[in-house]
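These notes are about the structure you will find just below.
Just so it is clear, none of the values below were taken in a lab; they were calculated from the coordinates. Just so it is clear, the model here is predicted, and its values are computed rather than measured. Counting neighbours? That spans all protein chains shown, and the Cβs are built from the backbone with ideal geometry, glycine included.
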Amino acid sequence: MTRLREQAMNCGKHSARVQLNFTKTAALLVWVELPLFAVIFDRSSYQGNPTNYNGAEANIFKLARSVAIGRGMWELCQGRDFTGRCVTLSTSSPDLRSYNLRQIASLRPLTRQPRSR
């Protein structure tokens, strides 16, 4: 039972789970896929004005200091139409300056491999 509980508690970070019933003999779990989303903040450490995105935006010109990645892999680019210097992230970042990003002009979720550099 302990191993089953550990496996249930250590599920992938891109899924949410709702525990309906847990007994000594079995666990009944319902898996819910989270939608793709990213939240851009204009201050580091997820502070300041948040802007939510759930799809590609080719022309936004946004001050960006931190990003919360809800699910998926995202490409953040300094140029519009996904040009210029781009960074691919699959986890949240409290300080985008560590990626040498101060603003972004376009972003999109990736369902394929990042473009070659």
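Assorted remarks:
- Fully extended contour minus Cα-Cα distance, from residue 81 to residue 51, at 0.36 nm per residue: 8.9 nm
- Phi-based couplings in Hz for the range 87-97 (Karplus 6.51, -1.76, 1.60; Gly and Pro marked x): 10, 9, 10, 10, 10, 5, 9, x, 8, 6, 5
- The label point for residue 88 and the one for residue 58, both projected 7 Å from the Cα toward the Cβ, are 2.1 nm apart.
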